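Each remark here refers to the structure printed beneath this line.
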Amino acid sequence: MKYFPLVWAALMRSKTRTLLTLLSVMTAFLLFGMLDSVRVAFNSGGSVAGANRMITTSRLSITQMLPYRLDAQIRAVPGVKKAAFAAWFGGIYRDPKNFFANFSVSPDYLDLYPEFKLPAAQKKAWLADQRGAIVGAALARQFGWKVGDTIPLQATIFPTHGSNDWTFALRGIYTVADPKQKAQERVLFFHWKYFDEANDYVKGRVGWWVIEPQSPAQAEQVARAIDRLSENSDHETKTQSEAAFNQAFAKQFADIGLIVSAIMGAVFFTLLLLTGNTMAQAVRERIPELAVLKTIGFSDRSVLAMVLAESVLLVVLGGLLGMVLAAAIVPMVSAASGGMIQLPGLLPQTWGMGLALMVAIGVVVGLLPALRGMRLNIVDALAGR
């Protein structure tokens, strides 16, 4: 610590350059904090232990549909309190840009989602109409829908009677009270029975089951029992937590972990080049000063340590500012998404990895300039050679 004033003075020798470098480092670690939160969100929730809602899908792929006959067997498994099923439909409203989630579901599907509030009269009307549909309030507001409207969807996967045109009668609009889950209001549900009878190709097939165990403590046991029902068959199942299912569903569209890793790699490679150039230039400008330090008794190791400390301090200062800013922004992004993006915030592992990267980058970019300062010949340096 006795050399800290010298290190700080060297860092502030060119305030503009230091400030710009700090901003660059801060931006890099802001991106790191936010992207690592996304990575953690997409890699958490794999364990079914303690889950209060589980999803049963094909072990092969979540796009592989399962036989409807499993329904009665799943509901009869000891420890299953409630079960319902659904299938992805993938219809488009008027324009591909109007994409939103739409599923065919069993009549008791909403029983598994008590957070979805649907007026009793509307629910009764929906259950009584095989071609009826319900939508979330956010979706209804976006397209100006009201109860009684006819909603045309164009099928992208399942044609009906040789046509891609499906129509549904809007019988209800549900709401979600939790503002953090408002993204759940952007879904359309219709009856699986209508889907099963009307589509041209897929008969008696279900996409997945939603399972509520008698208690979260029984979740793991129930999951194993359900998967044993189809063991060694051509339709083996995989029962997992709802969070793990959502991750798998998102990974159909892109490998989030790979994308995040690639972006962070590009960011830190650019950061290495930037800070490496800054430190090289800073040391080159101070060659005579380092020679004077050696002249008055500073050892080679002391010069090496001071230059490395300057480099590490520069990166750590900027990195901490970026991580603190990320910690403030991540919860706001998660809340603003209405539950569509559920980020856990900056976890201890993210902070630990970030600090390790700060120190490592500081050492890497400062090592060559520090070695140059350590090997400096006093006579040559003072002579300007």
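Among the residues of segment 70-106 satisfying the criterion of being among the charged types (D, E, K, R) and under 20 Å from Phe158 (Cβ atoms), which is most open to solvent (accessible area, probe 1.4 Å)?
By that ranking, first place goes to Arg94.
Could you tell me which numbered condition Val77 fails, if it satisfies all but one of (1) outside any strand (DSSP E or B); (2) farther than 19 Å from Asn232 by Cα?
Going through the list (1) outside any strand (DSSP E or B); (2) farther than 19 Å from Asn232 by Cα, Val77 breaks only (2).
Any chance you could count how many residues in segment 220-262 are at pLDDT 90 or above, in a helix (DSSP H, G or I) and of a type in the set (S, T, N, Q)?
The total comes to 1.
Any idea which of Glu231, Glu220, Glu242 is open to solvent by 10 Å² or more (accessible area, probe 1.4 Å) and within 21 Å of Asp111 (Cα to Cα)?
Numbers: Glu231 fails: within 21 Å of Asp111 (Cα to Cα); Glu220 fails: within 21 Å of Asp111 (Cα to Cα).
Result: Glu242 is the single residue among Glu231, Glu220, Glu242 that is open to solvent by 10 Å² or more (accessible area, probe 1.4 Å) and within 21 Å of Asp111 (Cα to Cα).
From the list Thr160, Thr156, Thr150, which residue is surrounded by fewer than 20 Cβ atoms within 10 Å (Cβ to Cβ), at pLDDT 95 or above and either touching a Phe, Trp or Tyr at 6+ places or on another chain (Cβ under 9 Å) or within 24 Å of Pro96 (Cα to Cα) (or both)?
Numbers: Thr160 fails: at pLDDT 95 or above; Thr156 fails: at pLDDT 95 or above.
None of the other options fit; the residue is Thr150.
Considering segment 87-141 alone, what residues qualify as being farther than 20 Å from Val202 by Cα and basic (Lys, Arg)?
Arg94, Lys97, Lys117, Lys123, Lys124, Arg141
So that you can scan it fast, the table gives a plain yes or no per residue for (1) open to solvent by 20 Å² or more (accessible area, probe 1.4 Å); (2) farther than 19 Å from Glu236 by Cα; (3) touching a Gly at 6+ places or on another chain (Cβ under 7 Å):
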position	(1), (2), (3)
Ala28	no, yes, yes
Phe32	no, yes, yes
Ser37	no, yes, yes
Met65	yes, no, yes
Ala121	yes, yes, no
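Filter segment 80-103 for residues that are in a loop (DSSP other than H, G, I, E, B) and among the hydrophobic types (A, V, I, L, M, F, W, C); which is modelled with the highest pLDDT? Talk me through it step by step, then tell me what you get.
So the first thing to find is which residues in segment 80-103 are in a loop (DSSP other than H, G, I, E, B), and the list is 89-91, 93-95, 99-100.
Subsequent filtering for residues that are among the hydrophobic types (A, V, I, L, M, F, W, C) retains 89, 99-100.
On the way: Phe89: 94, Phe99: 83, Phe100: 90.
Per the stated criteria, the residue is Phe89.
Only residues that are among the hydrophobic types (A, V, I, L, M, F, W, C) and modelled with pLDDT under 75: list them for segment 39-66, please. Reasoning before the result, please.
Keep residues of segment 39-66 that are among the hydrophobic types (A, V, I, L, M, F, W, C), which gives 40-42, 48-49, 51, 54-55, 60, 62, 65-66.
Within segment 39-66, Val40, Ala41, Phe42, Val48, Ala49, Ala51 qualify.
Could you tell me which residue of segment 2-38 is modelled with the lowest pLDDT, considering only residues that are hydroxyl-bearing (Ser, Thr, Tyr) and either in contact with a strand residue (DSSP E or B) (Cβ under 6 Å, 6 or more places away or on another chain) or outside any helix (DSSP H, G or I) (or both)? Full working, then the answer.
Just the residues of segment 2-38 that are hydroxyl-bearing (Ser, Thr, Tyr), to begin with: 3, 14, 16, 18, 21, 24, 27, 37.
Filter again for either in contact with a strand residue (DSSP E or B) (Cβ under 6 Å, 6 or more places away or on another chain) or outside any helix (DSSP H, G or I) (or both), leaving 3, 14.
Working: Tyr3: 69, Ser14: 79.
That would be Tyr3.
Kindly list the number of the only condition in (1) surrounded by fewer than 17 Cβ atoms within 10 Å (Cβ to Cβ); (2) at pLDDT 95 or above that fails for Ala177.
(2)
Across segment 129-147, which residue is surrounded by the most Cβ atoms within 10 Å (Cβ to Cβ) among those that are part of a strand (DSSP E or B) and either in contact with an Asp or Glu (Cβ under 9 Å, 6 or more places away or on another chain) or charged (D, E, K, R) (or both)? Lay out the reasoning, then the answer.
Of the residues in segment 129-147, the ones part of a strand (DSSP E or B) are 132-136.
After this cut, where a residue has to be either in contact with an Asp or Glu (Cβ under 9 Å, 6 or more places away or on another chain) or charged (D, E, K, R) (or both) as well, the list is 135-136.
Working: Val135: 28, Gly136: 24.
By that ranking, first place goes to Val135.
Considering only segment 152-189, state which residues are free of Cβ contacts under 8 Å to residues at least 60 places away in the same chain and either under 21 Å from Thr63 (Cα atoms) or not in a strand (DSSP E or B) (or both). Quick ask: steps written out before the conclusion?
Applying the first criterion (free of Cβ contacts under 8 Å to residues at least 60 places away in the same chain) to segment 152-189 yields 152, 159-165, 167-173, 175.
Across segment 152-189, the qualifying residues are Pro159, Thr160, His161, Gly162, Asn164.
The values are calculated or read from the model by the stated rules, or taken from the named source; none is laboratory data. Remember, it's a predicted structure, so these values are computed and weren't measured experimentally. Methodologically, a virtual Cβ is constructed for each residue, glycine included, from the backbone with ideal geometry; neighbour enumeration extends over all protein chains shown. Please note that ligands, DNA and RNA were not included when accessible areas were found on the heavy atoms of the full protein model with its side chains. Shrake-Rupley method; radii C 1.70, N 1.55, O 1.52, S 1.80 Å.
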